[in-house]
2 protein chains.
Amino acid sequence: MTAPRAPRTHGPRERMVFAAAQLIRRDGVGATGMREIAARAEAPRGSLQHYFPGGKEQVVNEAVAWAGRYAGRRVDRYLAELTESAARAEGGRPTPGALFAAMAQQWIDEFEAAGFTTGCPVAAATVDSTASTPSAREATAAAFTAWTTPLTAALTSLRVPATRAPALATLMISALEGAILMCRAHQSTAPLTTVTTELAPLLDAAAVS
Amino acid sequence: MTAPRAPRTHGPRERMVFAAAQLIRRDGVGATGMREIAARAEAPRGSLQHYFPGGKEQVVNEAVAWAGRYAGRRVDRYLAELTESAARAEGGRPTPGALFAAMAQQWIDEFEAAGFTTGCPVAAATVDSTASTPSAREATAAAFTAWTTPLTAALTSLRVPATRAPALATLMISALEGAILMCRAHQSTAPLTTVTTELAPLLDAAAVS
DNA sequence: CCAGTATTATGACGGCCGTCATAGGCCGCA
DNA sequence: TGCGGCCTATGACGGCCGTCATAATACTGG
């Protein structure tokens, strides 16, 4: 997304941003080293200097921004999938609770497949580097916005009134992020399923008939 | 609470654990140094070695455990305060939503006073060191348990059925932790107030008449 | 007062970090 | 064929880290 057109196979720069995001969400910002990023991306260490003259700060900020965009795109995709399957099966419209369930399920699948080793990179960056440079904090804010905005739009398309959609989007992301934390701590997907179950009636009730 | 009776003034050991918790919640685990902990506690650097032969891992784990116990005690205190004031004013009983509001307000006050520089140490430890030693992860799990358990009990005493109280406690802590993250990122207390408002009806509806 | 333990104090060591400097390879274009 | 850019490669530097070793000091019980 930095370039208008991505190279046919992901270029080294893109690979490094992606590798940084992966490492950050596993180990946190502080414990992620530049050398490690280059190694993970199978990119030369010198290229980090070349593509990211701003140093580690720039790499981390781009990784966080990428993660925010990714989360936003996932929301759009879930909405499209749910809308299609709901229309085909019952001729109806999916509920906000089903959208949240899809978002949570993504994490449950990942935890079950990868074993609670990784969390949300935006959360990691928020915790780790709020106190550091202002640009790092701004990057996390932008990432949350890039996630909240499509989610708000999705809720609106699910007949949630425009006055409540932003608040519910904030609630959904908050609950999801917190549940992810608890899942990692307890090494269990239970918090995510619990939150999904408990939140569903509230979310569904917000959609006007 | 490590010792049955605390020394009249907090001893150096206790001060170091406290200082570690403060630094962790501001900078994260990785960015918090042993020398910094000692300096903040106004304790000699050699005492860290003496009181914590397990090294940084031990200090961090004790700080996280302390934070969990602290959060649990806060829940008990809020419940007591709300119960008393509700009984005096209306002769009634406080609602679960009011309990959540009290928990959130603590953070709002802190953010407004200290400027979004600090978050929850348990969240920081979870993000930073899930991948490191197993004991660190266990410490975060124990901390969440030390928080969830009193909260579940509090909900039960507010007439939430025992079958739903644990789930609601998980939801409350998840939403609170996530909202704290978003507040820090956006440098605004809005997420906390939003979550409090949106969650209140759900929580209150769970209390049987 | 003395012995012995608890605490404090300080310096050194090895390791990893992010960054910089400096070459070396590579490829398109004249 | 040569030249000028992008990219790659590699080593060095200073700094901070956690830990260890070794004292010096304070305190308590006899």
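General observations
- Residue in segment B:180-189 that is under 13 Å from the mean Cα position of the chain (by Cα) and within 21 Å of A:Trp147 (Cα to Cα) present: yes
- Flag if A:Glu110 is at pLDDT 95 or above, within 14 Å of DNA strand C (Cβ to nearest atom) and acidic (Asp, Glu): no
- If the condition is being among the charged types (D, E, K, R), within 13 Å of chain A (Cβ to nearest Cβ) and outside any helix (DSSP H, G or I), then segment B:132-176 contributes only B:Arg164.
- All positions within segment A:26-43 that are free of Cβ contacts under 8 Å to residues at least 24 places away in the same chain, within 11 Å of DNA strand D (Cβ to nearest atom) and in contact with a helix residue (DSSP H, G or I) (Cβ under 7 Å, 6 or more places away or on another chain): A:Arg35, A:Ala38
- Those residues of segment A:98-123 which are open to solvent by less than 30 Å² (accessible area, probe 1.4 Å) and not hydrophobic (A, V, I, L, M, F, W, C), in sequence order: A:Thr118, A:Gly119, A:Pro121
- Matching residues in segment B:21-36 - criterion: being more than 15 Å from DNA strand C (Cβ to nearest atom) and aliphatic (A, V, I, L, M): B:Ala21, B:Leu23, B:Ile24
- Test result for B:Ser209, at pLDDT below 95 and in a loop (DSSP other than H, G, I, E, B): yes
- Residue match in segment B:84-95 (condition: closer than 30 Å to B:Thr130 by Cβ, open to solvent by less than 50 Å² (accessible area, probe 1.4 Å) and either away from DNA strand C (no atom under 15 Å from the Cβ) or in contact with a helix residue (DSSP H, G or I) (Cβ under 9 Å, 6 or more places away or on another chain) (or both)): no
- Residue within segment B:4-24 that is more than 10 Å from DNA strand D (Cβ to nearest atom), under 28 Å from A:Ala123 (Cβ atoms) and open to solvent by 60 Å² or more (accessible area, probe 1.4 Å) present: yes
- So B:Thr126, is it at pLDDT 95 or above and open to solvent by 10 Å² or more (accessible area, probe 1.4 Å): no
- B:Ala175 being surrounded by fewer than 24 Cβ atoms within 10 Å (Cβ to Cβ) and among the small types (Gly, Ala, Ser): no
- Per-region count, segment B:45-59, residues surrounded by fewer than 23 Cβ atoms within 10 Å (Cβ to Cβ), touching a residue at least 24 places away in the same chain (Cβ under 8 Å) and either more than 20 Å from B:Ser132 (Cα to Cα) or among the basic types (Lys, Arg) (or both): 2
- With respect to being more than 9 Å from chain A (Cβ to nearest Cβ) and small (Gly, Ala, Ser), B:Ala190 falls outside the description.
- Residues in segment B:60-80 that are touching a helix residue (DSSP H, G or I) at 6+ places or on another chain (Cβ under 6 Å) and either polar (S, T, N, Q) or surrounded by fewer than 16 Cβ atoms within 10 Å (Cβ to Cβ) (or both): 2 in all.
- Selection count where residues are open to solvent by 30 Å² or more (accessible area, probe 1.4 Å) and among the small types (Gly, Ala, Ser), scope segment A:180-206: 3
The values are calculated or read from the model by the stated rules, or taken from the named source; none is laboratory data. Since we're looking at a predicted model, the values are computed, not measured. Note: ideal-geometry Cβ built from the backbone for every residue, glycine included; neighbour counts use all protein chains shown. In case anyone asks, the SASA skips ligands and DNA or RNA and just uses the protein heavy atoms, side chains included. Shrake-Rupley method; radii C 1.70, N 1.55, O 1.52, S 1.80 Å.
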